[in-house]
Amino acid sequence: MTHATTTASLMRPPFPAERGVDAHNLKLGMWVFLASEVMFFTALIGSYVILRFGAPGEWARPGTVLNVPVTAFNTFLLICSSVSMVKAFAAIADGNQKMLKVWLLLTIIGGAMFVGIQAYEYTHLVERGFLPSGVRDGSELAALVANGTLPQATMGLYGSTFYIMTGFHGFHVTCGVIAMTYLYFTKALRGKYTQQDYRGIETVGLYWHFVDLVWIILFTIVYLI
């Protein structure tokens, strides 16, 4: 009986059922994680909306404080990285190892550039005097508060909500870049992804598209409205 069972197991294909179950579990786990992230960002965005429209006094116009054109370019860059992730997924689904490496690398570069530009934005804002606590005394923005261009009463709320929301999103982008870099060097470059098994690309792709979608919402309500 034992010999027959062992022989039958050796004659089976290399774990197709188990591989399918693993892929399903990975995607399910990612969807559950993204559901928790939806609640997290919904709480942040909802708090921002309530504070902004419920705060006493006027809210600063985004273009007066923030560099909207630079962030618009950064948004375009992140959207392009999401497109390149789709291309990477399509490439490995077709069994094209070479283009998987190309598109995944472009996605990593796009994500890293997004984080770099956001760091530049933060540096520039701090230099102008825009802090999480509000406006720094003696700064360029403090002069705008003094002459009435910026409202003094709500700048503290503006600074704290801006840095919390965009900072947490930047942290998520950084985590995505680290995850993709790990997959690139440990899996993609070594040809470990095949047309039959590309679970890592699929799951990290779900995460990356989610991060992209959240940023589009943040960019709209924080930089444009």
Q: As a check on your grasp of the helix formula, calculate [θ] at 222 nm for the chain: sum -39500 (n - 2.57) over DSSP H runs of n ≥ 4, divide by the residue count, round to the nearest 500.
A: -25500 deg cm²/dmol
Q) Tally Lys and Arg at +1 and Asp and Glu at -1 over the other residues with C-beta under 12 Å from the C-beta of Gln152: what net charge comes out? A) -2
Q) Hey, fewest Cβ within 10 Å first, where do His24, His209 land in order? A) His24, His209
Q: Give the residue from Met155, Leu125, Tyr182 lying farthest towards the positive end of the charge dipole for the range 16-224; charges sit on Cβ (+1 for Lys and Arg, -1 for Asp and Glu) and the dipole is referred to the Cα centre.
A: Tyr182
Q: Quick one, could you list the DSSP H helices from the chain stretching 15 Å or more along their long axis (Cα atoms) with average Kyte-Doolittle hydropathy of -0.5 or above?
A: 16-54, 68-93, 97-128, 155-183, 199-218
**Q.** the chain, dipole about Cα centre (Lys/Arg Cβ +1, Asp/Glu Cβ -1), debye to the nearest 20
**A.** 640 debye
Q) What Kirkwood hydrodynamic radius, in Å, does the range 16-224 give when the mean of 1/r is taken over all pairs of distinct Cα atoms and then inverted? A) 18.8 Å
Q.
Looking at the chain as a GNM with Cα springs under 10 Å, which of Ile109, Ile79, Ile201 has the largest mean-square fluctuation?
A. Ile109
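Laboratory data are not the source of any read-out in this text; all were calculated from the coordinates shown. On a predicted model such as this, the values are computed, not experimentally measured, just so you know. Glycine also receives a Cβ, built like all others from the backbone with ideal geometry; neighbour counts cover every protein chain displayed.
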